[in-house]
Amino acid sequence: MHFSQPTAARQINRLRTLNLIAMHEDLSRADVARTLGLNKVSTSEIVDLLLAEGMIMETGTRATAAGRRPVSLELNKDAKMVLVLDIGTRNTSVALINLAGEMLRFERFPTARKPSPEQMAATIILQTQKFLSRMKDPALVSGMAISISGEVEPATGTILRQGDWEWESVPLAFALSKHLKFPLIVENNVKSMILGERWFADINAETTYFYVNWGEHIGAAYLAEGKILSHDCQFGHIPVARSGTCRCGAIGCLETLAAGWALVENFPQITSVKQLCTLAENDSSADSDLLHAAESMGLALVSASAILMPQRIIIGGGIAALPDRYFTALRETFQRAAPPVIRERTTIQRTSLGERAGILGTAAMALDEFVFKRTLLDQLKHQRV
Ligand SMILES: [Zn+2]
């Protein structure tokens, strides 16, 4: 975002005020001024501007023993909305999200098996129009975010590579922009999941993280100082076995034992890992495959931790929701195999966002880009120091 010089400070303070009110309850104008270090006059100007925009509301004056209590400010959470699409190789989720990050509408459907770019673009346009047609006021939509498994160039919204679909250099955002009335961004799904973790859960800048997206494929990213330092590492292709041909062409990759595509391959009667978990309740070979998958994941995490030394490992993605006993097996394998220095330093947890990590991550990306600009404010804060 480019700020024109004379109004730059004002626009930044507008964003700081909006974010402060969004993240705290029951603030008065005086609280805003004190917290942001602004004077009363400019605080009032900014608050009045946000009120006029309809982005915030005042919630009444209350009399107290000491006299009149100042009016509290509150985010008007339905003032604007964002549309988000999380496109996985198995399922696609679409949601309409308000400013509080609440899902006003949610739909999920299977992704076409090997969609052409044209087919995918048509599906996205159709779904978007369907959502818009059900809204009372479609003009409230500020923008749309799409996250997709694949290598993405965010600046242009181009899918550089999507192996499963054999896509290369697909200008998805450009193709869609001709049909949509609002701005659009496209991002890699692991990156958006991490942003979701930061927005809706509790990632802090002082902790180092290794984030794993465990689903149809296994992706991962490393975060330090609140920044994603690498998101296209080939974590799913760490060798953990002596046999088993991986889709990447190598032998014995982690994916051959633990990725969704590999887990369902041995059981023709099922199509998802969720079904495999149900099957495993009465079928010992399904159960042992899942245990083996969890243990292999635990071992691969030891290898990743030996190099990166993260303080926390967060596991998200469709398979992260597997029953507790498999997750316990994963942790135990990690504890058993890790050198003491890693065992003591690194904790493993599942995403607190559950199965919605993907769609909430996309929501965070859209809210950040089109409304709150928290990533930008963070960057400015670091520049000033
Ligand atoms: Zn591989």
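The Stokes-Einstein estimate for segment 265-385, based on a Kirkwood radius over Cα pairs and taken at 10 °C with 1.306 mPa s viscosity, is a diffusion coefficient of 94 µm²/s.
The Kirkwood radius of segment 252-324, taken over pairs of alpha-carbon atoms, gives through the Stokes-Einstein law at 37 °C and 0.692 mPa s a diffusion coefficient of 252 µm² s⁻¹. Computed as a quarter of the hull surface, the mean projected area of the alpha carbon convex hull for the chain stands at 23.2 nm². Modelled spin labels at His292 and Ala337, positioned 7 Å past Cα toward Cβ, are 1.4 nm from each other.
Packing-wise, with mean Cβ within 10 Å as the measure, how do 281-287, 345-351 rank, highest first? Walk me through the numbers before you get to the answer.
Numbers: 281-287: 12.4, 345-351: 18.6.
Going from most to least packed, we get 345-351, 281-287.
On C-alpha positions alone, give me the angle between the axis of helix 357-367 and the longest principal axis of the chain, in degrees, nearest 10. Approximately 30 degrees, to the nearest ten.
Extension gain Ser230-Ser243, at 0.36 nm per residue separation less the Cα-Cα distance, in nm? Let's see the in-between values first.
Numbers: separation 13, 0.36 × 13 = 4.68 nm, distance 2.84 nm.
Working it through step by step, the gained length comes to 1.8 nm.
Distance from the C-alpha centroid of segment 248-305 to that of segment 93-139: 31 Å, rounded to the whole angstrom. For the set Lys130/Lys178; Lys227/Lys274; Lys77/Lys130; Lys80/Lys274; Lys178/Lys381, the pairs lying more than 29 angstrom apart at their alpha carbons are Lys227/Lys274; Lys80/Lys274; Lys178/Lys381. Each peptide in 172-184, 129-141, 294-306 gets a packing score, the mean of other Cβ atoms within 10 Å over its residues, and the list from highest to lowest is 294-306, 172-184, 129-141. If you plug the beta carbon distance of Asp26 and Gln127 into 1/(1 + (r/R0)^6) with R0 = 35 Å, you get a FRET efficiency near 0.35. Each distinct pair of alpha carbons in segment 103-216 adds a 1/r term; the inverse of their mean, the Kirkwood radius, is 15.8 Å.
With Cβ to Cβ distances under 15 Å as the rule, what net charge do the other residues near Asp287 carry (K, R +1; D, E -1)? With Lys, Arg at +1 and Asp, Glu at -1, the neighbours total -3.
Here segment 203-351 has an Rg and Dmax of 14.9, 46 Å, counting Cα atoms alone. Sorting the segments 147-156, 45-54 by their mean number of nearby beta carbons within 10 angstrom, highest to lowest, gives 147-156, 45-54.
Farthest toward the positive end of the dipole of segment 203-351, out of Ala205, Ser230, Ser305, is the Cα of Ala205, where the dipole comes from beta carbon charges about the Cα centre.
Under the convention that each Lys and Arg Cβ holds +1 and each Asp and Glu Cβ holds -1, the size of the dipole of segment 81-195 around its Cα centre is about 400 debye. Springs join every pair of Cα atoms under 10 Å in this Gaussian network model of the chain, and among Val341, Val371, Val273 the largest mean-square fluctuation is at Val341. Taken along the Cα-to-beta-carbon direction at a fixed 7 Å, the label points for Ser285 and Val41 span 8.0 nm. Relative to the longest principal axis of the Cα atoms of the chain, the long axis of helix 284-308 makes an angle of roughly 60 degrees. About its Cα centre, the dipole of the chain is roughly 1020 debye, where the only charges are +1 on Lys and Arg Cβ and -1 on Asp and Glu Cβ.
Each reported figure results from applying straightforward, stated rules to the coordinates on display, with no laboratory input. For clarity, every value in this text was computed on a predicted model and none was experimentally measured. No Cβ is skipped: glycine too gets one built from the backbone with ideal geometry, and neighbour counts run over all protein chains shown.
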